[in-house]
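What follows is a short report on a single structure.
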Amino acid sequence: MNSWNFWKDKATVTFDAYAIGSYAEGQYECDFTMDEMKKLARPGAPLPE
């Protein structure tokens with residue numbers, strides 16, 4: 001969960017500089033809209049309204 005950040009309208013996952021590409025490319029981020037997150041989440045997951 002240290003790689004996840006949540007806002008009212010989206011969630012962002014940040015990947016370490018070595019996780020996907022070379023260190024020189026820096027960190028990568030992947031955004032999910034809150035609508036996408038709610039479709040993927042388990043029932044009762046504590047997501048923003």
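Remarks
- Here LYS38 is the anchor, and the aspartates and glutamates within straight C-alpha reach of less than 14 Å, apart from those fewer than 8 places off in the same chain, are ASP9, GLU49.
- Of CYS30, THR14, MET1, farthest towards positive along the dipole that unit charges on Lys, Arg, Asp, Glu beta carbons give the chain: MET1
- With both labels modelled 7 Å from their Cα along Cα-to-Cβ, the CYS30 to ASP9 distance reads 2.2 nm.
- The chain, relative contact order in percent, only Cα pairs under 8 angstrom and at least six apart counted: 33
- Per residue of the chain, the DSSP helices (runs of n ≥ 4 H) give a summed -39500 (n - 2.57) that works out to -3500 deg cm²/dmol at 222 nm.
Taken together, the values in this text are just the output of simple stated rules run on the coordinates, not laboratory data. Note that the structure is predicted; figures quoted are calculated from it, not measured. Don't worry about glycine lacking a Cβ; one is built from the backbone with ideal geometry, like all the others, and counts go over all protein chains shown.
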